[in-house]
């Protein structure tokens, strides 16, 4: 929030607020806070209704400014849910007859509130840095036992609590009842939209159908009824009665303008007939305004500003890459990708591969590329997933050298900018999120010759894309799946370059570990040779005979992690030949325990 003036001045067009499964109060409070902050940054006078403390109170598990300002800490490893705002700590209480009841589940808990905070009945609390336990404030007492509605900053209060919490434990308010009630009320308030003024003119003549004209926004419509004004049996209608009925336009979105009329002296219409005139003419006017709004956007304007893609026609044609194939029964290319540069001895033991992917910045890249090519294996060099100015400069210098590669696997738009004019084959990695045929068309226009398919696609979607793509399609079939890449150190290393004051640069200490979520699932974490942190899924992707139905996939890719050379040779052999054999079952040493088919059959929900 404090950096909004800098962000606004950077030239960005819009700010995106992300939140999954958040409450309406969260949505209103956070969007309102940013709206006020952006307006203030633009120089507008703003009456602030949501301050920074309210933003923290609505939802936070600690804040970070992320990578934008190169902060060291971007992850809170202590708590993964709403932590709330620190308001005080637990204190010990002197035992008295009033606060001692050993039979009750709930025992008195003493709380010392920090300055400038408030605790109310209905608030929610969490205890300690991890926030694993907490309680709702059902009542508040003074230490002497007197009930009160709230506790103020600097005071010591007592609440009933069923957890035994040690004195000194930090106390966080993770639910503020008064704030949430206020946000609910303000967020539910109808916005005052500028109404369109509507004018009416009525023609009520004997022996002529009743007629009404309504006009708004330059449009006018006429409704002629199938009933006639009649001679009155008693009293004729007057202008006051007509105005009273016609003016009832609440809830229509219009603001009443002028009601004029041509009214014979001795005529009569019932109130229900006047209401019918009003309702019917409003229906006609609303429809005409809607039709006019559609016509205002001309087809010529649409064609000049929007690219119309006749997708259905394009999909009828078979892509050129499939026409060149001998048959749909051709075996797939088998590719093996390394995140870290392997040793030469390791590479020499591998057979049955068509392609190997090596890290561009790995040690001895030119030598190992030449070795593989001498064995008839094509080589793609993979650019780093994260490329800042320093990394881009390093890659640019390396590309000037003779590396013997057959192509490049790129993971970001910086690499695309560097390589899309090269004569080498360029392949877009998973981070390009290829979800549909239009994405493959865009990549082709940018000079990309192939793409790795998104692991979030189901079987039918993979079939559709691969059948109509004009660039080569690569399907991940085996290996741990990367979930996230970060250049920030997550290990808390001693003397870490990123977090030690007065030092700069990435931490390169070789480290690995696991992230553990609340349900006990673990996610491997490793640092690569460039200092980037990779977080992986705990289960290994393993697609089997089902992928044989995807006839239009060009390459199957295996991702090496830490498999033994024996197991890796078994995996390669399976995708080279074993999977085509007409039998069910897997070769010895290759099982399904700890593996997943990912989204292949179930999709992403």
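The number of residues in region 230-264 that are on the phi < 0 side of the Ramachandran plot, out of contact with any helix residue (DSSP H, G or I) (no Cβ under 9 Å at 6 or more places or on another chain) and not in a strand (DSSP E or B) comes to 12.
Within region 264-280, being touching a strand residue (DSSP E or B) at 6+ places or on another chain (Cβ under 9 Å) and closer than 12 Å to residue 230 by Cα holds for 264, 267, 268, 269. Scanning region 527-556 for residues that are without any contact (Cβ under 8 Å) to a residue 60 or more places away in the chain, buried (at least 19 other Cβ atoms within 10 Å of the Cβ) and touching a strand residue (DSSP E or B) at 6+ places or on another chain (Cβ under 7 Å) yields 527, 533, 536.
Among the candidates 19, 66, 29, single out the residue that is at pLDDT below 75, touching a helix residue (DSSP H, G or I) at 6+ places or on another chain (Cβ under 7 Å) and either not in a strand (DSSP E or B) or not assigned by TED's automatic domain parsing to the domain that holds residue 147 (or both). One residue alone meets the criteria, 19.
The rows are residues; the columns are (1) assigned to a strand (DSSP E or B); (2) closer than 29 Å to residue 563 by Cβ; (3) at pLDDT 90 or above.
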{"site": "401", "(1), (2), (3)": "no, no, no"}
{"site": "415", "(1), (2), (3)": "no, yes, yes"}
{"site": "427", "(1), (2), (3)": "yes, yes, yes"}
{"site": "455", "(1), (2), (3)": "no, yes, no"}
{"site": "466", "(1), (2), (3)": "no, yes, yes"}
{"site": "475", "(1), (2), (3)": "yes, yes, yes"}
{"site": "484", "(1), (2), (3)": "yes, yes, no"}
{"site": "489", "(1), (2), (3)": "no, yes, no"}
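Which of the residues belonging to region 129-151 are under 34 Å from the mean Cα position of the chain (by Cα) and surrounded by fewer than 18 Cβ atoms within 10 Å (Cβ to Cβ)?
Of region 129-151, the ones under 34 Å from the mean Cα position of the chain (by Cα) are 129-137.
Listed by number, the residues that qualify are 129, 130, 132, 133, 136.
Determine if region 516-523 includes at least one residue that is over 30 Å from residue 331 (Cβ atoms), modelled with pLDDT of 85 or more and out of contact with any helix residue (DSSP H, G or I) (no Cβ under 6 Å at 6 or more places or on another chain). Yes. Listed by position, the strands (runs of 3 or more DSSP E) contained in region 506-582 that have at least 3 residues being over 22 Å from residue 453 (Cβ atoms) are 512-516, 522-527.
The values are calculated or read from the model by the stated rules, or taken from the named source; none is laboratory data. All values derive from a computational prediction rather than experimental measurement. Every residue, glycine among them, receives a Cβ derived from its backbone with ideal geometry; neighbour counts consider all protein chains shown.
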